[in-house]
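What follows draws every value from the coordinates through simple rules; no lab data is involved. Remember, it's a predicted structure, so these values are computed and weren't measured experimentally. Virtual Cβ from ideal backbone geometry, glycine too; neighbours counted across all protein chains shown.
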């Protein structure tokens with residue numbers, strides 16, 4: 001294990017480099033007045049279906065787009081394209097998270113000024129994405145009722161790095177005898193005070209409250225940006 | 001991204017170091033005539049319930065034990081202890097996988113000669129554990145019907161590094177309208193010829209075939225070890 005200190009040092013450099021690019025991205029997002037939301041979760045918690053429904057429901061009133069990260073395949077981009085929003089896939093190869101540089105590269109030829117919301121779906125992983133700032137305004141962590149109530153305790157860092165927790169697939173809660181009391185308690189234990197939305201992308205139950213929250217945050221962020229210019 | 005070549009080089013060293021320890025572990029397992037099975041999957045695919053049922057069902061006829069990896073908490077070890085098998089928790093902190101050195105350390109004071117089966121449950125992650133040999137005889141990858149049929153295509157490396165694929169939570173297959181044809185096709189596309197078991201740890205449907213497979217592999221491995229000594 002003699003390599004560990006050197007590895008740690010390099011990891012710090014990579015994160016520092018990432019933070020620099022994330023800051024540059026954040027400035028660009030702010031200037032373009034686009035509200036950026038990233039999504040993290042384990043594989044199979046329903047991120048893509050949730051994002052597809054989000055894009056479809058916001059689209060009548062907002063200009064929306066998405067970047068979607070995966071190790072391999074363009075499946076998610078193809079699936080999200082059904083929402084008719086602009087979507088780009090980022091494939092990471094063997095890397096278990098998106099980095100700010102990948103987001104920056106993917107957005108190279110995009111005119112962000114034409115967007116209200118940009119969504120970034122991270123690689124399905126409850127560990128690696130936690131440390132990488134992507135310049136987003138809001139980070140959502142999803143976990144589905146089928147994954148079990150203990151996930152916040154087992155993956156505290158990712159829940160800690162998130163601004164909002166979403167409990168997804170609630171249409172399956174009764175079938176899997178989901179213990180709401182335990183689940184919500186575990187989220188609050190790890191990240192006290194975090195806003196929590198319970199929803200099902202399939203039935204759209206609970207989607208409305210969450211979309212209202214996003215809209216409020218968009219307005220607030222834009223107002224704050226205006227005030228700071230006065 | 002100027003650090004990348006240096007990072008890659010160090011990553012190679014870490015893996016090389018891991019392989020050396022894994023080889024040492026494998027020799028120790030072979031000498032003790034214990035059959036070692038590791039489990040990888042995304043968080044919430046039901047690894048722990050599956051392992052608890054495996055331990056409980058094997059225990060009347062075999063001497064079984066388990067190591068279980070998580071970032072945080074001893075929940076899994078406590079849960080598995082209900083099977084009355086010896087269980088030890090390994091907490092990895094922020095690391096998204098187990099390494100051979102952690103397994104070696106956890107087994108330091110164990111007399112492996114008293115065991116028939118040792119199970120190692122990895123951290124819930126479909127990316128990081130793929131590259132780390134733990135000296136196991138058999139690596140199982142689980143994915144649950146609630147995660148979606150596309151997971152093998154999206155996480156090909158972990159399916160490629162596995163010896164057996166387990167489709168879990170089949171009691172929920174009908175509710176989530178699981179597409180068996182697509183799922184099995186995707187597994188075979190990524191890892192042609194891999195044995196596949198479909199089961200539910202909850203109802204125990206399908207567990208019998210899988211346990212028979214393990215027993216056969218134990219006998220075969222012990223026979224092979226005897227022949228090589230002749």
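Sticking with the crude label model, points 7 Å out along Cα→Cβ, report the distance from residue A:112 to residue A:79 in nm, one decimal please.
For residue A:112 paired with residue A:79, the spin-label model returns 2.7 nm.
Work out the mean other chain Cβ neighbour count within 10 Å for the residues of B:14-22 and drop it here as an integer.
The shielding value for this peptide is 1.
Roughly how crowded by other chains is peptide B:153-161, in terms of the mean Cβ count from those chains within 10 Å of each of its Cβ atoms?
Mean partner shielding for this stretch: 4.
Once you keep just the Cα pairs under 8 angstrom separated by 6 or more residues, what percentage relative contact order results for the range B:1-83?
RCO, the range B:1-83: 22 percent.
Give the calculated FRET efficiency between residue B:13 and residue A:212 to the nearest 0.05, with a Förster radius of 51 Å applied to their Cβ-Cβ distance.
After rounding, the FRET efficiency stands at 0.50.
Divide by every residue of chain B the summed helix terms, -39500 (n - 2.57) for each DSSP H run of at least 4, and state the resulting mean residue ellipticity at 222 nm, rounded to the nearest 500 deg cm²/dmol.
-13500 deg cm²/dmol
Once the label point is set 7 Å along the Cα-to-beta-carbon vector, what list of distances in nm do you get between residue A:222 and its counterparts in the other copies?
7.1
Report the Cα centroid-to-centroid distance between the range B:82-153 and the range A:1-62 in angstrom, as an integer.
Result: 29 Å between the Cα centres.
Beta carbons within 10 angstrom, averaged per residue: use that to sort the peptides B:148-156, B:160-168, B:24-32, highest first.
So the order, starting with the most tightly packed, is B:148-156, B:160-168, B:24-32.
Along Cα-to-Cβ, 7 Å out, sits the label point; list in nm, shortest first, how far the one on residue B:109 is from those in the other copies.
6.2
Quick check: Cα centre of the range A:170-201 to Cα centre of the range B:64-78, how many Å?
23
What does the structure give for A:117-128 when I average, per residue, the other chain Cβ atoms found within 10 Å of the residue Cβ?
Other-chain Cβ atoms within 10 Å of each residue's Cβ, averaged: 4.
What is the range B:91-136's relative contact order, in percent, from Cα pairs under 8 angstrom and six or more apart in sequence?
It comes to 61 percent, rounded to a whole number.
Treating the point 7 Å from Cα along Cα-beta-carbon as the label, what are the nm separations from residue A:28 to the other copies, to one decimal?
Sorted ascending, the copy-to-copy spacings read 4.9 nm.
Label residue B:175 and residue A:224 with points 7 Å out from Cα along Cα→Cβ: what is the distance between them in nm?
So the two model labels end up 3.9 nm from each other.
If I take every Cα pair under 8 Å that is 6 or more residues apart in the range A:4-229, average their sequence separation and divide by the length, what percent do I get for the relative contact order?
Dividing the mean separation by the residue count of the range A:4-229 yields 23 percent.
Between residue B:94 and residue A:105, what is the label-to-label distance in nm when each label sits 7 Å out along the Cα-to-Cβ direction?
If labels sit at residue B:94 and residue A:105, their model points lie 2.4 nm apart.
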